[in-house]
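I have placed the structure first, in the form of structure tokens, so that the comments after it can refer back to it.
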Amino acid sequence: MSDRDAILERVRRAARHRAPAPDRYRPPALAGGWETFAAGLAGVGGEAHGPYAPQALSVRLGELVRRRAEGGRVVAEASAAELAGSGPWQVASEPALGHAFADVAVAVVRGRAAAADCGAVAVIERDAPHRALPFLCQHLVLLLPERALHADLHSAWEALPEAAWRGHHVTWISGPSKTADIEQTLVYGAHGPLTLDVVSIAD
């Protein structure tokens, strides 16, 4: 018997009782819904829009990105453009190096799942193959189907497709880039987008 086994055996003999292994963690029931998500997102500096009917999405999204871009370049991932239809954006369908997006004013990316309790949206590699795009842009817009919203982070994790784990990354985004490292002053856009907008598409 090794020293480790001997120690563990003494611990077992000294234990007054044995407890079974804990069951899987069951998160408490939380309030879900778009209003809860919008409030959580606002709390971290983001802004929620919608839900918009699919036939109105292109117009509403176009108004938003034009306002954010102020004449600058707007690029949408192919999966987001498929949801949104045509609009004032280029589709990033071809492989490109990160510096190709250095001048992007607004990026439009599809969110795959969201958690209302913390205002976070999951972006998976299949929907956003250009990994640099959501971080080099000045303003980020995430498109989120209404059915992809869940009450809490645990439920949102479980709702992600199996294909999400075959890629290199699952990124949870909650609010725009910000830091308060310097003199405890909150600064937006320190190492990423200045703003985050989440646009919901009604089922």
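The values are calculated or read from the model by the stated rules, or taken from the named source; none is laboratory data. Just so it is clear, the structure is predicted and the values come from calculations on it, not from any experiment. Here the Cβ positions follow ideal geometry from the backbone for every residue, glycine too, while neighbour counts run over all protein chains shown. Note: accessible area is taken over every heavy atom of the protein model, side chains too, but ligands, DNA and RNA are not part of it. Shrake-Rupley method; radii C 1.70, N 1.55, O 1.52, S 1.80 Å.
Which ones in the range 148-194 are in a strand (DSSP E or B), closer than 17 Å to Asp117 by Cα and open to solvent by 40 Å² or more (accessible area, probe 1.4 Å)?
Listed by number, the residues that qualify are His150, Trp172.
Taking interchain pairs and intrachain pairs at least six residues apart, which have beta carbon atoms under 6 angstrom, with the first residue in the range 8-32 and closer than 30 Å to Ala115 by Cβ and in contact (Cβ under 8 Å) with a residue 60 or more places away in the chain and the second assigned to a helix (DSSP H, G or I) and open to solvent by less than 100 Å² (accessible area, probe 1.4 Å)?
Pro27/His154
Can you pull out the residues in the range 41-63 that are touching a strand residue (DSSP E or B) at 6+ places or on another chain (Cβ under 6 Å) and over 22 Å from Ala116 (Cα atoms)?
Arg60, the sole residue that qualifies.
Working only within the range 78-127, note down all residues that are within 14 Å of the chain's Cα centre (by Cα) and either among the polar types (S, T, N, Q) or part of a loop (DSSP other than H, G, I, E, B) (or both).
Result: Gly111, Arg112, Ala116, Asp117, Cys118, Gly119, Glu125, Arg126, Asp127.
Please find, within the range 44-63, the residue that is farthest from Trp34 (Cα to Cα) out of those that are surrounded by fewer than 20 Cβ atoms within 10 Å (Cβ to Cβ) and among the aliphatic types (A, V, I, L, M).
By that ranking, first place goes to Val59.
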